[in-house]
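**Q** Sharing a structure with you now.
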Amino acid sequence: MKSLRLFLLCIPLLFLTSCFDILDKVNIKADGSGEYTLILNASKSKTRLASISKMETINGKKVPKRSEIEGKINEAARIFKGVPGISNVKTAMDFDNYIIKLSCSFKKIENINAGLEQLKAKNIVGKMVPMQIYSHNIEKKAFVRNKINTFKNDYDKLSKADKEIFNDAKYISVLQFENPVRSQTNTSYILSPNRKALKLEGNILDFILQKKQIQNTILLQ
């Protein structure tokens, strides 16, 4: 299904190859404000994508032009800029290496949830993209990555060619904190030596099908 292929930002050119990485990074301060970054990196497939970009269609699908991709990214940035609590929205597009970046500052992490809701409402992201991803209770010093739904039924309906898109695709989540981590509920997240950062990495398909869990409750010192 189209909405599954567009698991995050609607950038179809990157999803014509299975070798891409999605990185989301949250840097959160003790007062709840911070920075959010989303990076889609298909540099491992840049030679193949450079060839595909010159074609009109591939596997029966229209190949998007650079202007269409830029339009989607700029629209996503415009929407984020209009969300209360979000500021300093920036985009970067490297079409030589096929790396696209969206970043912003937020007053509280729930602003990012609201931004994703707006992207969903404007059809910039697919309907199955989880919206209420984060929550932060400053008084309890608790930061939460919420559970996402399984998309197994939607995945099973994909064609063989569409399923192959996820074969080597990776998802990486990095959470950075001003205060050290006291405890967490998901030990799949790797804790940095200074206890101020957590990293989760795996195949995107494992997260979509919930073979690997993304939810985590993190208590800070």
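**Q** Between residues in segment 108-122 that are under 15 Å from Ala77 (Cβ atoms) and residues that are part of a helix (DSSP H, G or I) and of a type in the set (D, E, K, R), which pairs lie under 8 Å by C-beta distance while being six or more apart or on different chains?
**A** Sorted first by the residue in segment 108-122, then by its partner, the pairs are Lys122/Glu75.
**Q** Pull out all pairs, ordered by first then second residue, where Cβ-Cβ is under 7 Å, the residues are six or more apart or on different chains, the first lies in segment 29-55 and is modelled with pLDDT of 80 or more and surrounded by fewer than 18 Cβ atoms within 10 Å (Cβ to Cβ), and the second is part of a strand (DSSP E or B) and among the hydroxyl-bearing types (Ser, Thr, Tyr).
**A** Final answer for the pair search is Glu35/Ser103; Glu35/Ser105; Thr37/Ser103.
**Q** Do we find a residue being hydrophobic (A, V, I, L, M, F, W, C), over 28 Å from Gly82 (Cα atoms) and out of contact with any Ser or Thr (no Cβ under 8 Å at 6 or more places or on another chain) anywhere in segment 127-149? Spell out the reasoning first.
**A** Kept after step one, since they are hydrophobic (A, V, I, L, M, F, W, C), are these residues of segment 127-149: 128-129, 131, 133, 138, 142-144, 148.
Now drop any that are not over 28 Å from Gly82 (Cα atoms), which leaves none.
No.
**Q** Checking Ser67 against (1) in a helix (DSSP H, G or I); (2) surrounded by 17 or more Cβ atoms within 10 Å (Cβ to Cβ); (3) of a type in the set (S, T, N, Q): exactly one of these is not met. Which one?
**A** Failed condition: (2).
**Q** Please go through segment 98-112 and pick out each residue that is among the charged types (D, E, K, R) and not in a helix (DSSP H, G or I).
**A** Selection gives Lys101, Lys107, Lys108.
**Q** Could you look through segment 134-170, keep only residues that are more than 16 Å from Thr185 (Cα to Cα) and among the β-branched types (Val, Ile, Thr), and pick out the one that is modelled with the highest pLDDT?
**A** Ile138
**Q** Mind checking which residues of segment 150-178 are without any contact (Cβ under 8 Å) to a residue 24 or more places away in the chain and either over 27 Å from Lys44 (Cβ atoms) or acidic (Asp, Glu) (or both)? First the steps, then the outcome.
**A** Within segment 150-178, the subset without any contact (Cβ under 8 Å) to a residue 24 or more places away in the chain is 153, 156, 159-160, 163.
Answer for segment 150-178, where residues must be without any contact (Cβ under 8 Å) to a residue 24 or more places away in the chain and either over 27 Å from Lys44 (Cβ atoms) or acidic (Asp, Glu) (or both): Asn153, Asp156.
The values are calculated or read from the model by the stated rules, or taken from the named source; none is laboratory data. These numbers were taken from a predicted model, which means no experiment stands behind them. For neighbour counting, all protein chains shown are included, and Cβ atoms are generated from backbone atoms with ideal geometry for every residue, glycine included.
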